[in-house]
Amino acid sequence: TAETTIVSVRVVHAADGVPEHCRVSGLIQPEIRFEVNLPANWNRRFYMFGNGGMAGEPMESPGKAAQRALAVRHGFAVADTNTGHDAATEPLATFAASPQKLVDYAFRSVHVTAETAKRLIQAYYGTPPARSYFVGCSTGGRQGLTLAQRFPADFDGIVAGAPVLYM
């Protein structure tokens, strides 16, 4: 879309039990960073995982890297987002002083990332995912419940563990 910019596309060669896959990194205006990983041997399913804490963690953080690797190992196209802010420069909830960043964190980022990931999956494989799943705990659990309420068509299945509801 006009609000989406692809920042990089690269082939990640097989290593440490993770098969070869294509990694697409991008930006959805104004500041939502996302990543979509497209395995060479795709199982026709899409998996997106939620964030922890106040989100904003780098895409290469150990938790994100482990979830991404596990999903790609099982053939899932997998996506994640920083929810529209960088925790290193805006720690805790300081990003919430910006109304746009607060909306992106609250609900918009996970929805537009899922939409973008599905468009990329369609373009890359020539077919949409047969099934789409979201998994999250804590903030990710809240994201899952929010997706189920606001955007029920985004995912076929949602696992929302220990959702943070009162902040």
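The values are calculated or read from the model by the stated rules, or taken from the named source; none is laboratory data. Please read these numbers as outputs of a predicted model, since none were measured by experiment. Reconstructed Cβ throughout: ideal geometry from the backbone, glycine too, with neighbour counts over all protein chains shown. These area figures cover heavy atoms from the full protein model, side chains too; ligands, DNA and RNA do not enter into them. Shrake-Rupley method; radii C 1.70, N 1.55, O 1.52, S 1.80 Å.
May I ask you to derive the relative contact order of region 49-167, considering only C-alpha pairs under 8 Å and at least 6 residues apart, and to give it as an integer percent?
Relative contact order of region 49-167: 28 percent.
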- Provide the per-residue ³J(HN,Hα) series for region 111-119, in order, calculated from phi with Karplus coefficients 6.51, -1.76, 1.60 and θ = phi - 60°, each as a whole number of Hz, with x at glycine and proline positions. 5, 5, 5, 4, 4, 5, 4, 5, 5
- Asn43 versus Ala93, label points 7 Å from Cα toward the beta carbon: distance in nm? 3.7 nm
- Task: Could you tell me which of Phe46, Gly84, Thr127 has its Cα farthest along the dipole of the chain towards the positive end, charges placed at Cβ (Lys, Arg +1; Asp, Glu -1), taken about the Cα centre?
- Result: Thr127
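Mean 1/r over all different Cα pairs, inverted: what Kirkwood radius does region 118-161 give, in Å?
Working: mean 1/r = 0.0906 Å⁻¹.
Roughly 11.0 Å, rounded to one decimal.
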- Tell me which label goes with the value of Rg/Rh (Cα atoms, Kirkwood Rh) computed from the coordinates here: (1) 0.94; (2) 1.04; (3) 0.98. (1)
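Mind checking region 16-90 for GluC sites (Glu not before Pro) that DSSP puts in a loop (not H, G, I, E or B) and that have at most 12 other Cβ atoms within 10 Å? Before the final figure, lay out each step's value.
Values: sites: Glu20, Glu31, Glu35, Glu60; in loops: Glu20, Glu31, Glu60.
Listed in order of number, the matching sites are Glu60.
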- Message: Suppose only helical runs count, i.e. DSSP H with n ≥ 4. What mean residue ellipticity at 222 nm does that imply for the chain under -39500 (n - 2.57) per run, divided by all residues and rounded to the nearest 500 deg cm²/dmol?
- Response: -8500 deg cm²/dmol
- Query: Excluding Ile32 itself, what net charge comes from residues whose Cβ is under 12 Å from its Cβ, given Lys and Arg +1 and Asp and Glu -1?
  - Reply: -4
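Just the accessible area per residue of the chain, please: how many Å² with a 1.4 Å probe?
On the way: 8000 Å² over 167 residues.
Roughly 48 Å² per residue, with all protein chains present.
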